[in-house]
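Take a look at the structure below.
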């Protein structure tokens with residue numbers, strides 16, 4: 001009977017350790033974040049942070065191109081996460097909404113999740 005009690009207690013300790021591990025991992029995993037703000041020059045300040053998956057940079061740049069945005073300045077990091085800060089201006093005088101730019105970038109970052117290319121970096 002002592003053996004069964006010991007095994008049960010070990011099982012409870014293992015479950016507690018797993019819960020602690022998952023709680024700790026929540027602090028290390030950064031959720032997807034896309035911020036777009038309109039600047040004074042009529043362009044956009046864009047900040048993107050998400051998991052590093054496949055060709056995320058290519059997808060985001062293609063989204064800028066499809067919207068007719070010219071990237072004036074950009075900083076990109078792909079160490080643990082994909083992170084990009086960019087300043088973009090419209091190539092033509094078409095009025096663009098912050099919401100439209102945000103949605104296009106979110107769609108570009110989700111492209112790889114849909115096609116299962118995670119881990120191809």
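The values are calculated or read from the model by the stated rules, or taken from the named source; none is laboratory data. Computed from a predicted structure; not experimentally measured. Methodologically, a virtual Cβ is constructed for each residue, glycine included, from the backbone with ideal geometry; neighbour enumeration extends over all protein chains shown.
Couple of notes before you dig in:
- Filter result for residue 15 (part of a helix (DSSP H, G or I) and at pLDDT 80 or above): yes
- Every test in (1) touching a helix residue (DSSP H, G or I) at 6+ places or on another chain (Cβ under 8 Å); (2) part of a strand (DSSP E or B) is passed by residue 101 save one, and that test is (2).
- Options 42, 54: the member that is surrounded by 13 or more Cβ atoms within 10 Å (Cβ to Cβ) and assigned to a loop (DSSP other than H, G, I, E, B): 54
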